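The values are calculated or read from the model by the stated rules, or taken from the named source; none is laboratory data. None of the values given here were measured: they were computed from a predicted structure. Cβ: placed from backbone, ideal geometry, glycine included. Neighbour counts: every protein chain shown. Quick note on the areas: whole protein, heavy atoms, side chains included, nothing else; ligands and nucleic acids left out. Shrake-Rupley method; radii C 1.70, N 1.55, O 1.52, S 1.80 Å.
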Amino acid sequence: MLDTIIKRIQNQLFILMACYALGAIWTKYEGWFFSLLVGTAAGWYSIRLLARRVRKVGEAVAEGRRPPSLGTMIRFALAMAVAFLVSRYPQHLSVVPAVIGLSTPYILLVANHFLHND
């Protein structure tokens with residue numbers, strides 16, 4: 001079930017990131033679209049990492065072992081890396097679309113939960 005959810009979100013994110021790439025190429029708002037692309041790519045990696053950790057926690061609980069952490073610090077570090085990139089290259093990236101991109105996979109996760117009831 002978790003694999004199905006992640007594959008669905010991954011397909012949706014790839015379509016969104018393709019649209020962002022086309023928007024960066026064809027419009028005069030390349031900074032906004034490129035920031036959305038960078039944030040969404042980081043958010044996609046974050047959600048993949050979270051899914052892998054949730055799977056490991058489930059396996060550990062099923063086997064009666066102590067569950068590992070969910071990798072919160074790694075995901076925070078990823079968000080800080082995006083913030084560093086935005087602050088390092090302000091002429092090419094913007095803060096608001098990068099934050100929107102970081103949160104996009106989580107918004108899709110909630111929306112897919114309500115739409116598909118997996």
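Could you tell me which of the residues GLY23, GLY101 is assigned to a helix (DSSP H, G or I) and touching a residue at least 40 places away in the same chain (Cβ under 8 Å)? First the steps, then the outcome.
Values: GLY23 fails: touching a residue at least 40 places away in the same chain (Cβ under 8 Å).
Exactly one of GLY23, GLY101 is assigned to a helix (DSSP H, G or I) and touching a residue at least 40 places away in the same chain (Cβ under 8 Å), namely GLY101.
Among the residues of the range 15-52, count how many are more than 17 Å from the chain's Cα centre (by Cα) and open to solvent by less than 30 Å² (accessible area, probe 1.4 Å).
3
Tell me, please, whether a residue that is over 16 Å from the mean Cα position of the chain (by Cα), farther than 18 Å from THR104 by Cα, in a helix (DSSP H, G or I) and in contact (Cβ under 8 Å) with a residue 12 or more places away in the chain can be found in the range 60-83.
Checking the range 60-83: not a single residue is over 16 Å from the mean Cα position of the chain (by Cα), farther than 18 Å from THR104 by Cα, in a helix (DSSP H, G or I) and in contact (Cβ under 8 Å) with a residue 12 or more places away in the chain.
Take VAL38 and decide whether it is over 18 Å from VAL95 (Cα atoms) and not small (Gly, Ala, Ser).
Values: over 18 Å from VAL95 (Cα atoms): no; not small (Gly, Ala, Ser): yes.
No: the conditions fail for VAL38.
Is it the case, given these coordinates, that SER94 is modelled with pLDDT of 90 or more, open to solvent by less than 30 Å² (accessible area, probe 1.4 Å) and not hydrophobic (A, V, I, L, M, F, W, C)?
Working: modelled with pLDDT of 90 or more: yes; open to solvent by less than 30 Å² (accessible area, probe 1.4 Å): no; not hydrophobic (A, V, I, L, M, F, W, C): yes.
No; evaluated as a whole, the condition is false for this residue.
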